[in-house]
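Since every read-out is calculated from the coordinates, none of them should be taken as a lab result. Everything numeric here is computed off the predicted structure, so don't read it as measured data. Here the Cβ positions follow ideal geometry from the backbone for every residue, glycine too, while neighbour counts run over all protein chains shown.
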């Protein structure tokens, strides 16, 4: 199985910085009267960076930046120096390509930096006289010739680098370049070049390791050929006999036509078309990501289709006659197939195609959707998900895309299922046989699609715009900055001293607008839990099949919205909890249920509700409930509970979340709860949530996840310690007061305790743990903040309370790492950063334990 | 400006002064240069970590380059600047501010003008030196931004140099 990795594209952060610099330079250039030395230096440095950063993705932009930088640097070569106006044009070009993600053509004004004046072209072509030349306009020709100066050196460089470090990324770049030149030379009618590049491209694709000599020779030939084209002399002789071994190899799989690099009379267009046919082998399936941007969109879109298809398949299973559901499934596969074909992801296209063929039989009434067919369709959908996720992994981390071994058997199965009807034309070729990847019978399928598309589509078409989440993050960051800037301005002492009523009004208007912008920004991040819940429907279906227990799923509050980041991280915990509920919560024998007065079919309810600033998501089953005494016994055995007196249900249920506790077989079988519940708890705590458990023997169990609306903002209390300001999350604060000296006691001469509601809490001086010398030493002059994490409490001594505020939490930055006692930072009204305290971690520091054993609201580590 | 030769490519370095000596860092690693600003101290961090600053809404850690390199710290002056540098380390982008005494210029150094750092024995860590650049009469000590900024290195240094 072949896999390819892509050289990492510049990160959003890098591009963002670059973008800012381009914008600012553009502004300065436009305002400038002449090209001052300062501007020249700044432009040079920026162009240098552009040339560097754009290199992997944007060969032309990178090359243009490189040439311009070089020319700028050559102060003596006055003739060649780009003018101010040209630099302005260039920055516009980079603004478009870097900041707006467009793919603009190099502007005409900059073409004068290209090696060949356009009017020389006809001569060059006629002299080269190697091919029928299609009409190529001057600009395209000039751009093509530019490869001599930018692409050929890049090619050499990449090859040299590969020679040195053997990093396959370089070869990928080389292959991309050959691919690009192949396309362009075909377009310009340079048959020789198109053939050679094509052969090299195939060689690089199919041979590991490729023959470097061959590739190097091809590079040399290319450079010479470009020179020849520019000067209008004859093309150099084709790369000689030495290329035979690799080419022979290519011809083995390529039908001979492609491998032949001798001049031929066949038109270029046909050849390049054929060149896209992938090697036809039955055992090796390859997915190559050729266009990362489109592929990313594809992954997102495919995931949406998966969700819909899952839902529709479940409906079809109970109601095979449903035309709408069949239409939805069909559309999902059809759409994914179309895009996969476009992106040349053959295995995905093939799989979709087979499913489509099968479903088409059902649509036509030739087969019924039942039994093995249902199962196979589900399996196909699952395999598709695996493939698409692999593509996604490849996009993010460069992980190889592997096609699972089940692929071929599944294809066989699908074909087998689809064949019994003899009237069907041979519409499912076993191999990709057409050049574009779009099968010939698509027209028929499109026809078949039409009736279903009407009403269903109208309902699902909302006026929705898809935006990359990175862009959204930038927007939200900028709004965050605006909020801070607004606070800094309106709290400015000079402005407040003015005392003008009009200024005051305007400032409060500004504040109002800023706040509403902030809340709108936050709303953008919110997504309904609907999609998450729907995924669980599929899970319940599968679990119900596996376990042989009849279970229905009931969904409530699907329109409740949550921060997208939280929703994304809820999938695993919910799957875990539902699996537990089906496996262990629900009685194995329906007769037991009927005996207990419950319906034979069990119900699991997924419910979302908003409660104040929190969202509660609960998973309830109507099973037998948790057997309290078994948990208690085990807890006593393991020494997690000191004695059986005064133990609350919460104490006992919290045992389920202790790592290692529930893996004991006796528990899983008898009380049947909590496999991996500690993992669930950790996941939930990571999104600053908590879990509660309620259970009634014989009636069922409910797990409730209490989640914050958003991760980005917390309600915080700002406190002063010495000269410094810290933020304590309001969620963890129980009470704040000035202690009287008779409530503070000292044990063993050091450890201080505070008498609080008849309990003795450890008193922790913030000044001491954070090493702040200026902090108050006398507790009766400071303020005690009682905080809790789970059911543990602690008294924190600070100097004073400053006030309560909504706080945007920001990470400390990669360079900082994890600081004990601190969960992040925020920016105060005066523009200075302040640290947000991590209550759970402070408890760890204070008590010398890690807060592992208890369920509770905690700042994530 | 140095004439760029195709054979030996010039690299651009931002140069700055630390206790009288001229240091350089690849310009590609430098995001921007800002004036000295308010810095929030972070407890429990090594001495050379000065704290956090607000860079247009982003929170960024700042280190005192003098302390980082084992030189005595000085009080900030008019010319004290923070160089915001960015590196990518193990797939993560690290942005950090470096407090330096004074900014000099952007210098072009040809590969031929850079010598590997000499062995100083155990007195000076040569790990975070990229080399010694010579531009006419000037000597520029080139810093390895990755080593200076990455946390692994910070930890190693923290252990070997008692604070």
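Here are some notes:
- Between residue A:511 and residue A:372, the C-beta separation translates, for a Förster distance of 56 Å, into a calculated FRET efficiency of about 0.30.
- Inter-site label distance for residue A:730 and residue A:468 at 7 Å from Cα along Cβ, in nm: 3.6
- Measure of compaction for the range A:713-779 (Cα Rg per 2.2 N^0.38 Å): 1.22
- Taking the fewest neighbouring Cβ atoms within 10 Å as the starting point, the ordered list for A:577, A:753, B:25, A:412 is A:412, A:753, B:25, A:577.
- Mean Cα-pair separation over length for the range B:1-103, i.e. relative contact order, pairs under 8 Å, 6 or more apart, %: 27
- Between the range A:574-647 and the range A:786-820, the C-alpha centres lie 34 angstrom from each other.
- Rounded, prolate or oblate (a/c below 1.5 giving rounded, otherwise prolate when a/b exceeds b/c) for the range A:569-664 by Cα gyration tensor: oblate
- Estimated FRET transfer efficiency when R0 is 45 angstrom, pair residue A:321-residue A:595 (beta carbons, to 0.05): 0.80
- Burial ordering of A:414, A:801, fewest other beta-carbon atoms within 10 Å first: A:801, A:414
- Taking other C-beta atoms within 10 angstrom as a stand-in for reagent exposure, A:737, B:120, A:333 fall in the order B:120, A:737, A:333, fewest first.
- Spin-label model, residue A:745 to residue A:572: label points 7 Å out along the Cα-to-beta-carbon direction sit 4.4 nm apart.
- Inter-label distance, nm, simple model (7 Å from Cα along the C-beta direction), residue A:643/residue A:206: 8.2
- For the range B:38-112: rounded, prolate or oblate by the Cα gyration tensor [a/c cutoff 1.5]: oblate
- One chain, two ends: residue B:38 and residue B:90. Fully extended at 0.36 nm per residue, the span grows by 15.7 nm beyond their Cα-Cα distance.
- Cα centroid of the range A:750-785 to Cα centroid of the range B:63-89, whole Å: 35
- Here r is the Cβ-Cβ distance between residue A:778 and residue B:47 and R0 is 45 Å; the resulting FRET efficiency, rounded to 0.05, is 0.95.
- Gain in span if fully extended, residue A:489 to residue A:291, counting 0.36 nm per residue against the direct Cα distance: 66.7 nm
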